[in-house]
1. If each residue of separation counts as 0.36 nm, what is the full-extension length gain between E44 and N265 once their alpha-carbon separation is subtracted?
2. Mind jotting down the three principal axis lengths of the range 284-326 based on Cα atoms? Whole angstrom, largest first.
3. Go ahead and run the numbers for FRET between D299 and R89, Cβ-Cβ distance against an R0 of 45 Å, rounding to 0.05.
4. Using a probe of 1.4 angstrom, how much of the accessible area of the chain is carbon and sulfur, in percent?
5. Lys and Arg at +1, Asp and Glu at -1: add these up for the other residues within a Cβ distance under 14 Å of M1 and post the number.
6. Which peptide among 122-135, 76-89, 277-290 comes first, and what is the full order, when sorted by highest mean count of other Cβ atoms within 10 Å?
7. Report the Cα-based extents of the chain along its three principal axes, largest first, to the nearest Å.
8. Output the lone cysteines of the chain: those with no second cysteine's C-beta under 4.7 Å from their C-beta.
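The values are calculated or read from the model by the stated rules, or taken from the named source; none is laboratory data. Since this is a predicted model, take the numbers as computed values, not measurements. Note that we place each Cβ from the backbone using ideal geometry, even for glycine, and neighbour counts take in every protein chain shown. These accessible areas exclude ligands, DNA and RNA; they are computed on the full protein's heavy atoms, side chains included. Shrake-Rupley method; radii C 1.70, N 1.55, O 1.52, S 1.80 Å.
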Amino acid sequence: MSEATLIDRLRRIGWRGESLPSGGLRLARVVAQHRAGYELHDGEHLFGAQPAGHFLKRGLDPAERPAVGDFVEFEPGAPPHIQKVLARRTVLARAAAGERYERQVIATNIDYVLVLTGLDGDFNPSRIERYLSLIEDSGARPVVLLSKLDQTEDAADRVAELRGRLPGEVPVHAINGKDPASTAVLAEYLRPGDSAVLVGSSGAGKSTLTNTLLGVDRMATSAVRAHDSRGRHTTTHRALLQLPTGGCLIDTPGMRELKLTGDENLDLFADIDELAELCRFADCGHGSEPGCAVQEALDNGGLSAERWRNYLKLRDEREDQAATLE
């Protein structure tokens, strides 16, 4: 098989390169990770693989190990062994849960991060701002999806509320994840060769949306609790799926904890920083100081108290995490 044919095949799963590895190694993309190993796809075949020994060394930064979305060079065999992770053009990561600082890679080589939140009790603008803070340095573009449009009568109000808190360039779509006509708006983010990762809480409707985009009921779904709109983890591991549109979608388990890494710029709150520059005193603590532009905006409704509190929470968390890295 010619190199051109192999490259064309790899482009189906998001490959952007112009050449293939030499020395007997082959190229594939990591589509799933399990305790027992990895699943790779070469654009035509899905197969299992194991990491080479150097990926298992104690003390190795977990972020250097293969992750879902990575393009890797592997050595054919029984089983194949992953020898090298190629340079990542984008990386979505968070700080792993627990007291010990550790960066956890969620997905790599993605073009879009689809942040899914239900329009039911799952709706939480502050949590969406947290997601966007994690996404801003990933290299991927955020897209906010508000699901369960068929289960609410105040969708327009909630979209307007969210639109007032987010930068204008962030797309916001209210959808019914069960309706192909409603989810057709996502086609522009799932074009041939593009990759997106779907993130959100358990019960937000990620598996339902994934099934609709696939056109088949491939992902397990479950009911949510009525009192808090939360569901069980029906998706148990990250997995990359090829869609009929030609794009690739990485589905992820529901995330209960979203810890900042310490590298975030919090550009999402640039308007608050601009307000702070207007304060009379350069060292204004934005409390009871005279001439505080932030307090004036809070008093006149130009800045919501909830958004201000969330900014302070994220800023302090980022600084704590950054101190951990030093």
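1. Details: separation 221, 0.36 × 221 = 79.56 nm, distance 3.97 nm.
The span from E44 to N265 would gain 75.6 nm if fully extended.
2. If we take the Cα atoms of the range 284-326, the spans are 38, 20, 10 Å.
3. Working: r = 45 Å, r/R0 = 1.00.
E between D299 and R89, to the nearest 0.05, is 0.50.
4. Details: 7460 of 15800 Å².
Carbon plus sulfur share of accessible area: 47 percent.
5. Working: positive: R9, R26; negative: E3, D8, D42, E44.
The answer is -2.
6. On the way: 122-135: 20.9, 76-89: 14.8, 277-290: 11.2.
Those peptides, ordered most packed to least, come out 122-135, 76-89, 277-290.
7. That gives 72, 48, 35 Å along the principal axes, largest extent first.
8. By the Cβ distance rule, which asks for a partner under 4.7 Å, the isolated cysteines are C248, C292.
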